[in-house]
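Here's the structure, in structure tokens; my notes come after.
The values are calculated or read from the model by the stated rules, or taken from the named source; none is laboratory data. A quick note: this is a predicted structure, and the numbers were derived from the prediction, not measured. Reconstructed Cβ throughout: ideal geometry from the backbone, glycine too, with neighbour counts over all protein chains shown. All accessible areas refer to the heavy atoms of the entire protein, side chains included, with ligands and DNA or RNA removed. Shrake-Rupley method; radii C 1.70, N 1.55, O 1.52, S 1.80 Å.
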Amino acid sequence: MKKKALIFGVTGQDGAYLAKFLLKKKYIVHGIKRRTSSINTVRVDDIYLDLHTKKDKYFFLHYGDLSDGTSILNLINKIQPNEIYNLAAQSHVAVSFELPEYTSNINALGALRILEAIRALKLEKKTKFYQAGTSEMFGGYNKIQKENTPFHPKSPYGTSKLFAHWITKNYRESYNIFAANGILFNHESPLRGETFVTKKIVNGLVNIKQKKLNCIYLGNIYAKRDWGHAIDYVEAIWKILQRKKADDFVISSGNQYSVKNFINITASHLGIKITWTGKGIKEKGYDQHGKCIIKIDKKYFRPNEVNTLLGNSSKARKQLNWKPKFNINKLIKDMINYEYFNDK
Ligand code: NAP
Ligand code: F7E
């Protein structure tokens, strides 16, 4: 019997990679998409179109929303999945300061709604649950973060994810549900949303190189992140649910770069040599022809910033036998290739 997976957030970066990964592993994959006024399935259209003409169907999309508990319960009841991956979220940290209540409803209560459905439907023996937790829950107070590092989120996003993290543990301990948390550090890819900093930099510099854009405007370029590739991280997510006993795992590359480092590395792959001048919001980046291509705009600064994140994923490397295949250079090359050739 093929395993059935249900992915909340299938139309997002990780959802699309996870759906493809699970289909390769011969799962039947069900994904939840939101109703939106324009089509939001571009990241999964290739698998949907490929498979829906065939007689045997392995990939199904359903309308649903994490704000709608009844729809979640009905879908889980209908599908009876072996594995549920909750990847759905309002995932933008800066936006969470503008929409704190909505972010909390989706990210915090959304996770609870799924767990409650598993409990109400008495699926605790059948269905494993994965919660997409984040390094944002740490807040960056420690030099290196791992599973037992104290949490101290600095945004409504991080705080909402911390509720989801604890309610997942709580349902595991109270109701014996296989409910596991991943605590994933930043992971990027060609499918990353356009307003996250890595995609903005790669897309912006490629457009500057092609003379389609003059300048990129950024916020705090001194923030440091531990960046990995989503392809590696969805494999870890799957491995977390293949264990006999549910547990929580940090997933990270173990390497740290500032946003400014990321700009310089991307530029060097494109043959652009950046010279930096000025400080604070007056800092500017010039190309080798003396043209200003990077400026700072204070609108991209957040009310509170996580200055530094660096993960220690030794538990996952040992217990899940997981290690990333991409480093920063391979990640950036993959993102650049996509901008040039739409090569996923
Ligand atoms: P993403 O690209 O922003 O995808 C989020 C997904 O959630 C999209 O499919 C989105 O649908 C869906 N969604 C948003 N609101 C929803 C709602 N009300 N009901 C149902 N679905 C909804 O995020 P990602 O980068 O793939 O990340 C996946 C998960 O991991 C998220 O929970 C994120 O918070 C978490 N995470 C991400 C990272 C990272 O670095 N990428 C690190 C740690 C944790 P639309 O396509 O319609 O917008
Ligand atoms: O910002 C700085 C910004 O928005 C990274 C999400 O997937 O990872 C992601 O959250 C850094 C921050 O990602 C711009 O201030 C400078 O310090 O790409 P980001 P994030 O906030 O780290 C975590 C782990 C998640 O869980 C989240 O879902 O870059 N930065 N200038 C900028 N950021 C953006 N977006 N735009 C700028 O112009």
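Remarks
- Here TYR85 qualifies as under 21 Å from LYS239 (Cβ atoms), under 16 Å from the mean Cα position of the chain (by Cα) and within 10 Å of ligand 1 (Cβ to nearest atom).
- Filtered residue count, segment 26-50, keeping only those that are closer than 21 Å to ASN82 by Cα and either loosely packed, with under 12 Cβ neighbours inside 10 Å or within 12 Å of ligand 1 (Cβ to nearest atom) (or both): 4
- Among the residues of segment 124-167, those that are charged (D, E, K, R), touching an Asp or Glu at 6+ places or on another chain (Cβ under 9 Å) and more than 21 Å from LEU66 (Cα to Cα) comprise GLU147, LYS154.
- Identity of the residue in segment 120-132, under 21 Å from LYS244 (Cβ atoms) and surrounded by 15 or more Cβ atoms within 10 Å (Cβ to Cβ), that ends up nearest to ligand 1 (Cβ to nearest atom): GLN131
- Scanning segment 146-165 for residues that are β-branched (Val, Ile, Thr) and open to solvent by 30 Å² or more (accessible area, probe 1.4 Å) yields a single hit, THR159.
- Condition broken by LYS55, with the remaining ones in (1) over 26 Å from ASN107 (Cβ atoms); (2) at pLDDT 95 or above; (3) among the basic types (Lys, Arg) satisfied: (2)
- Each residue in segment 72-106 was checked for being in a helix (DSSP H, G or I), among the aliphatic types (A, V, I, L, M) and either open to solvent by 10 Å² or more (accessible area, probe 1.4 Å) or within 16 Å of ligand 2 (Cβ to nearest atom) (or both), and 6 of them qualify.
- Residue match in segment 174-195 (condition: under 18 Å from HIS92 (Cβ atoms) and among the hydroxyl-bearing types (Ser, Thr, Tyr)): yes
- Subset of segment 314-341 (residues that are closer than 10 Å to HIS229 by Cα and outside any helix (DSSP H, G or I)): PRO324, LYS325, PHE326, ASN327
- Residue-level analysis places LYS318 outside the set of residues that are more than 16 Å from ligand 1 (Cβ to nearest atom), touching a residue at least 60 places away in the same chain (Cβ under 8 Å), open to solvent by 70 Å² or more (accessible area, probe 1.4 Å) and out of contact with any strand residue (DSSP E or B) (no Cβ under 7 Å at 6 or more places or on another chain).
- Those residues of segment 198-215 which are of a type in the set (A, V, I, L, M, F, W, C) and open to solvent by 50 Å² or more (accessible area, probe 1.4 Å), in sequence order: LEU213
- Only strands (runs of 3 or more DSSP E) whose full extent lies in segment 125-238 are considered here, and the ones with at least 1 residues that are more than 20 Å from the chain's Cα centre (by Cα) and near ligand 2 (Cβ under 10 Å from one of its atoms) are 216-218.
- The criterion of at least 1 residues that are surrounded by 18 or more Cβ atoms within 10 Å (Cβ to Cβ) is met by the following strands (runs of 3 or more DSSP E) wholly inside segment 255-303: 284-286, 292-296.
- Selection from segment 216-229 of residues that are surrounded by 14 or more Cβ atoms within 10 Å (Cβ to Cβ) and farther than 25 Å from TYR141 by Cα: ILE216
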